[in-house]
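Working notes for the structure below.
The values are calculated or read from the model by the stated rules, or taken from the named source; none is laboratory data. In this text, all values refer to a predicted model and were calculated from it rather than measured experimentally. Here Cβ is always computed from backbone atoms with ideal geometry, including for glycine, and neighbour counts include all displayed protein chains.
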Amino acid sequence: MTIRELAKALNLSTATVSLALSGEGERYNLSSKTVARVQEFARQSGYVPNRLAIKLFGKKADQTIGILFLQGSSDDRTLPVLNEVMCYLEENDREFQVYSCHDFYLKPSAYAATLRYMRGMGIKKIVIVGMVNQNYPMDPALYEGLEIYAMDFDERGIGIPPFFRCVGLCNRQEFHTWLVQTVIAQGHGPILTQATIRYYVDDWTDDYGVCVKDPKDLQVDLFAYGRKLSELAVELFRQGRCRSFLSHTDRIATGMIAGLLEAGLRVPEDVQVIGYNDSEYAGYTAVPLTSVRSPAKRHTIQALEHLVKKTPLPQVLFSPLELVQRKSSYPLGK
């Protein structure tokens with residue numbers, strides 16, 4: 001049913017019906033009784049507004065907030081953030097659109113193509129949910145006319161682009177260097193870890209342990225991958241070459257715990273396990289998982305509060321990573 005058909009059924013003008021449905025009725029002196037009558041009839045008639053037409057012709061088109069969801073191996077972190085973002089915007093009655101980019105890691109061009117598409121849809125304010133990294137194109141022309149809020153940002157390879165409205169940073173390099181050095185100093189080495197963790201350790205040497213490549217397939221079952229990787233951990237443990245496992249995601253870490261326990265090893269007495277993302281399930285695994293908590297959610301909410309409530313926001317937000325210690329590791333201090 002169209003607005004014109006609603007107006008005919010209600011014996012009202014199309015302008016009156018349009019204003020009543022837009023929420024602008026009071027501003028144009030429509031009675032609350034008329035507004036309620038139009039909205040109730042529209043609801044009962046199954047009327048659905050044409051959002052694209054609203055964006056093309058409405059006065060508030062540039063107020064729509066675009067959410068660019070980067071889907072990948074860090075979904076333990078990004079999915080809860082995406083849920084928080086949508087709930088926040090719905091609670092604050094703010095229109096938003098979500099765009100998902102699935103193959104951004106192996107094909108950075110997909111990230112650029114999605115940004116261009118969002119711009120083509122008239123979206124100017126974009127909050128990125130997911131980690132922006134050094135693989136992404138940083139041509140200023142790509143971001144011209146856009147307000148980009150990248151709240152889970154990896155600046156190590158590219159620096160902080162001046163054309164980002166705001167970025168959220170944490171101390172990954174400092175933190176992981178500290179973590180590896182502390183594990184070694186406490187006598188819980190050698191370490192088995194992944195390339196993502198190794199990348200952030202300043203002075204990694206082969207004496208620290210073994211580093212394996214990260215899975216390239218973003219659709220792989222990461223729990224199963226962690227369980228399979230436990231076979232290597234068991235072999236290295238029996239050779240005296242693995243006392244700790246550090247992962248870049250909790251799903252791999254929980255798979256590792258399951259595999260170690262199935263092989264008869266104890267966690268953390270034989271091999272301690274530390275994950276990343278502090279997922280909602282981290283405290284409920286077979287051995288509650290020690291994990292690293294990212295400030296990505298907190299940073300993203302700060303960006304939304306700026307967009308919705310006009311609160312102050314600097315170009316750079318910094319918050320340190322936190323180690324949430326549970327039973328899968330020995331006490332590490334920090």
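Brief remarks on what is shown
- Condition check for ILE274: surrounded by 19 or more Cβ atoms within 10 Å (Cβ to Cβ), touching a residue at least 60 places away in the same chain (Cβ under 8 Å), under 27 Å from the mean Cα position of the chain (by Cα) and more than 29 Å from ILE128 (Cβ to Cβ): no
- Residue in segment 214-228 that is free of Cβ contacts under 8 Å to residues at least 60 places away in the same chain, crowded, with 18+ Cβ neighbours inside 10 Å and touching a Phe, Trp or Tyr at 6+ places or on another chain (Cβ under 7 Å) present: no
- Those helices (runs of 4 or more DSSP H) of segment 26-120 in which 3 or more residues are at pLDDT 85 or above occupy 32-45, 75-91, 108-120.
- Within segment 121-174, the set of residues being buried (at least 17 other Cβ atoms within 10 Å of the Cβ) and of a type in the set (Gly, Ala, Ser) comprises GLY130, ALA150, GLY168.
- Residues of segment 242-287 satisfying the condition of being in contact with a strand residue (DSSP E or B) (Cβ under 9 Å, 6 or more places away or on another chain), modelled with pLDDT of 95 or more and either of a type in the set (Lys, Arg) or not assigned by TED's automatic domain parsing to the domain that holds ILE184 (or both): ARG243
- Subset of segment 75-133 [in contact with a Leu (Cβ under 7 Å, 6 or more places away or on another chain) and basic (Lys, Arg)]: ARG119, LYS124, LYS125
- Scanning segment 205-234 for residues that are more than 14 Å from ALA258 (Cα to Cα) and assigned to a helix (DSSP H, G or I), we see that the one that is modelled with the highest pLDDT is TYR208.
- Subset of segment 15-24 (residues that are modelled with pLDDT under 85 and more than 38 Å from the chain's Cα centre (by Cα)): ALA15, VAL17
- Candidates ASP154, ASP207, ASP203: the one that is touching a Lys or Arg at 6+ places or on another chain (Cβ under 8 Å) and farther than 17 Å from GLY275 by Cα is ASP154.
- Sole residue being among the aliphatic types (A, V, I, L, M) and surrounded by 19 or more Cβ atoms within 10 Å (Cβ to Cβ), chosen from LEU232, LEU260: LEU260
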